[in-house]
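The values are calculated or read from the model by the stated rules, or taken from the named source; none is laboratory data. Keep in mind that what you see is a predicted model, and the values were worked out from it rather than measured. Cβ coordinates were reconstructed from backbone atoms using ideal geometry, including for glycine residues, and neighbour counts include every protein chain displayed.
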Amino acid sequence: MRKTRPPQTTPIQALHAWQRSLIDRRAFLLRIAGGSLATLFGLPSPSLAEGLVEAGTKGDEHTWETLDQVQQHLFPSEAEAPGAREINALDYLRFVVGDPKADAQERGFILMGAGWLDGIAQETYRHDFISLDDDRREAVLQKIAASSAGENWLSTLITYLLEALLTDPVYGGNPDGIGWRWLQHIPGYPRPIPDKTYPRLLA
């Protein structure tokens, strides 16, 4: 009997599969924590946690500045390689969070994580995350990563950093194909045009 070769998985498909597994794991963590991710992040005060959750869901400019600094710390610019700033990672993340068809839990998880991060920075150093130097930022991120939910939050941000690096520029990341050029990648054709992007096609 002739054996059928299993279908090949592309890097983007593998990335999306990993992201789906993160979402499933995150839902499990929410259930075991009774819906309180603040507990999983190790915030010391319930009242502080509630305030951070309320502030984080608003997606205000401080929240976005915090997310910007986290992205730049996770994927810094180098002389021979683009970083989060060069690939427009924050603009791409804004696109993801602003997509009304995106998973609501995913959006809330990303935004509230910035508030939880600030809470830990304040508890540890009496300053917001964006006011810390690189060494202290690294210490706070290592503390976040020590919890399952914190590790999951950082993994989610890394997922969208990689998407910003690989996406078509029409979606806000990878301006002028800078990520493609760095990776020596030739994109497929035809490429999407602004009025044929998936949010418009699904509208």
Task: Residue match in segment 143-159 (condition: polar (S, T, N, Q), closer than 17 Å to Thr66 by Cβ and either buried (at least 17 other Cβ atoms within 10 Å of the Cβ) or in contact with a helix residue (DSSP H, G or I) (Cβ under 8 Å, 6 or more places away or on another chain) (or both)) - done: yes
- [ ] Can you confirm whether segment 111-131 contains a residue that is within 17 Å of Leu162 (Cβ to Cβ) and surrounded by 15 or more Cβ atoms within 10 Å (Cβ to Cβ)?
- [x] no
TODO: Look through segment 103-113, keep the residues that are in a helix (DSSP H, G or I) and not hydrophobic (A, V, I, L, M, F, W, C), and return whichever of them is farthest from the chain's Cα centre (by Cα).
DONE: Gln105
Task: Subset tally (residues that are acidic (Asp, Glu) and at pLDDT below 90) for segment 81-116 - done: 3
Task: Ile87 being touching a residue at least 24 places away in the same chain (Cβ under 8 Å), part of a loop (DSSP other than H, G, I, E, B), closer than 19 Å to Gln72 by Cα and within 17 Å of the chain's Cα centre (by Cα) - done: yes
Open item on the list: From the list Gly115, Gly119, Gly179, exactly one residue is under 20 Å from Gly98 (Cβ atoms) and small (Gly, Ala, Ser). Which is it?
Closed with: Gly115
Open item on the list: Name the residue that is farthest from Asp91 (Cα to Cα), counting only residues in segment 173-192 that are at pLDDT below 90 and in contact with a Phe, Trp or Tyr (Cβ under 8 Å, 6 or more places away or on another chain).
Closed with: Ile186
